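Notes follow once the structure below has been shown.
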Amino acid sequence: MKIYPLVWFDGQITCLDETSPSIAAHTLHYGTGAFEGIRAYNTAHGTLIFRLADHMNRFVYSLSVFNKSIPWDGQQLCQATIELVRTTKAKNCYIRPIFYFDDGGLEIAPTYNQYHIAILIFELPESETIQSLRLCISPWQRINGSALPIDKKLTGFYINSLLAKLNAQQRGFDDAILLDIDNNIAETSIANIAFCVDNTLITPSRTNILPGITRDTVFKLSADIGITMQERPITIEDAHQAQACFIMGTLRGILPISSLESTAYDVHHPLLQRLIDNYQKLVQGDYTDSAWNQIV
Ligand code: PMP
């Protein structure tokens with residue numbers, strides 16, 4: 001992904017080159033940062049940023065873990081994002097707000113107040129080349145909600161995702177499902193997961209997952225077609241018995257899973273296809289409910 005040379009940095013649009021953190025940055029040493037991932041789409045209506053306010057509110061919620069009061073609220077960060085998208089003329093892109101500590105000393109709790117907020121933009125190709133993924137079950141357990149506040153997006157958490165992804169790739173898969181502390185299905189390295197069982201939808205409950213914004217969108221899209229996506233513990237056996245499976249995440253939206261180890265899934269399952277079509281319409285600004293969409 002190509003990064004745009006202009007970024008929003010502590011209140012101003014500036015050159016990326018002028019923002020490098022120090023090698024003494026606390027965040028580099030201890031993973032003490034918070035971030036977001038937001039999608040914008042090139043649509044017939046203009047550049048459409050999907051659920052910007054929800055992402056920025058989660059960003060502010062995530063960084064609240066560090067007990068620092070920041071000079072911008074969610075709404076001002078939304079305005080900053082819109083201004084940056086307008087200035088860069090970015091269209092189909094991935095927007096990455098990040099909070100980090102530059103310096104901060106060696107104590108585990110950062111001792112100085114040198115934190116920054118930046119918003120970066122990465123260009124995405126016009127069309128998605130990945131059509132489906134092959135998953136395995138990870139030997140790495142998903143970090144659990146009583147050890148870490150996993151409803152927040154904190155930089156250090158992603159070592160857990162990285163380990164699962166690397167292990168899956170070494171074994172010839174695209175990604176992995178991590179199990180929770182009770183050995184039930186949690187999520188993949190960077191996305192939530194759901195299964196089609198007959199004509200119903202099931203997804204793991206919120207306890208040991210990052211309850212994603214795309215997952216929340218799928219609750220609405222499925223309700224719109226008269227189906228309630230049910231939250232419940234899902235065993236590996238349940239997963240193997242499902243007819244279809246898909247992941248939900250900002251970067252790729254709803255993406256079919258073609259197999260879980262030796263179990264093949266129906267990537268053309270009618271319910272899954274309907275959700276994908278409606279999600280596509282939604283992010284292109286062509287769905288009836290457009291309150292989530294920010295046209296720039
Ligand atoms: N789980 C994890 C671990 C993630 O990193 C992400 C991506 N942010 C998701 C789920 C999906 O969240 P969202 O739909 O908000 O992108």
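The values are calculated or read from the model by the stated rules, or taken from the named source; none is laboratory data. Since the model is a prediction, treat every value here as computed from it, not as a measurement. Here Cβ is always computed from backbone atoms with ideal geometry, including for glycine, and neighbour counts include all displayed protein chains.
Some values worked out for this structure:
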quantity	calculated
Residue that is nearest to the ligand (Cβ to nearest atom), among those in region 178-193 that are more than 15 Å from the chain's Cα centre (by Cα) and closer than 21 Å to Gly253 by Cβ	Leu178
Qualifying position, being among the β-branched types (Val, Ile, Thr), loosely packed, with under 15 Cβ neighbours inside 10 Å and within 13 Å of the ligand (Cβ to nearest atom), among Ile143, Ile159	Ile159
Residue identified as in contact (Cβ under 8 Å) with a residue 40 or more places away in the chain and buried (at least 20 other Cβ atoms within 10 Å of the Cβ) among Ile119, Ile137	Ile119
Selection from region 79-94 of residues that are more than 16 Å from the ligand (Cβ to nearest atom) and either touching a strand residue (DSSP E or B) at 6+ places or on another chain (Cβ under 8 Å) or of a type in the set (D, E, K, R) (or both)	Ala80, Ile82, Glu83, Leu84, Val85, Arg86, Thr87, Thr88, Lys89, Ala90, Lys91, Asn92
Candidate set from region 207-242 (those that are within 16 Å of the ligand (Cβ to nearest atom) and of a type in the set (Lys, Arg)); member that is nearest to the chain's Cα centre (by Cα)	Arg215
Wholly within region 197-296, helices (runs of 4 or more DSSP H) carrying at least 2 residues that are in contact with a Leu (Cβ under 9 Å, 6 or more places away or on another chain) and buried (at least 19 other Cβ atoms within 10 Å of the Cβ)	213-224, 270-283
Residue ID - nearest to Ile49 (Cα to Cα), chosen from residues in region 254-283 that are within 16 Å of the ligand (Cβ to nearest atom) and without any contact (Cβ under 8 Å) to a residue 40 or more places away in the chain	Gln280
Residue ID - surrounded by the most Cβ atoms within 10 Å (Cβ to Cβ), chosen from residues in region 3-47 that are within 16 Å of the ligand (Cβ to nearest atom) and more than 24 Å from Phe157 (Cα to Cα)	Ala40
Test: residue in region 96-109 that is of a type in the set (Val, Ile, Thr), out of contact with any strand residue (DSSP E or B) (no Cβ under 7 Å at 6 or more places or on another chain) and either free of Cβ contacts under 8 Å to residues at least 12 places away in the same chain or surrounded by fewer than 20 Cβ atoms within 10 Å (Cβ to Cβ) (or both)	yes
Residue among Glu231, Glu261, Glu237 that alone is touching a Pro at 6+ places or on another chain (Cβ under 8 Å) and among the acidic types (Asp, Glu)	Glu231
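Here is a yes/no grid of residues against (1) over 30 Å from Glu18 (Cβ atoms); (2) hydrophobic (A, V, I, L, M, F, W, C); (3) at pLDDT 95 or above:
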site	(1), (2), (3)
Leu124	no, yes, yes
Gly145	yes, no, no
Gln169	yes, no, yes
Ile213	yes, yes, yes
Asp216	yes, no, yes
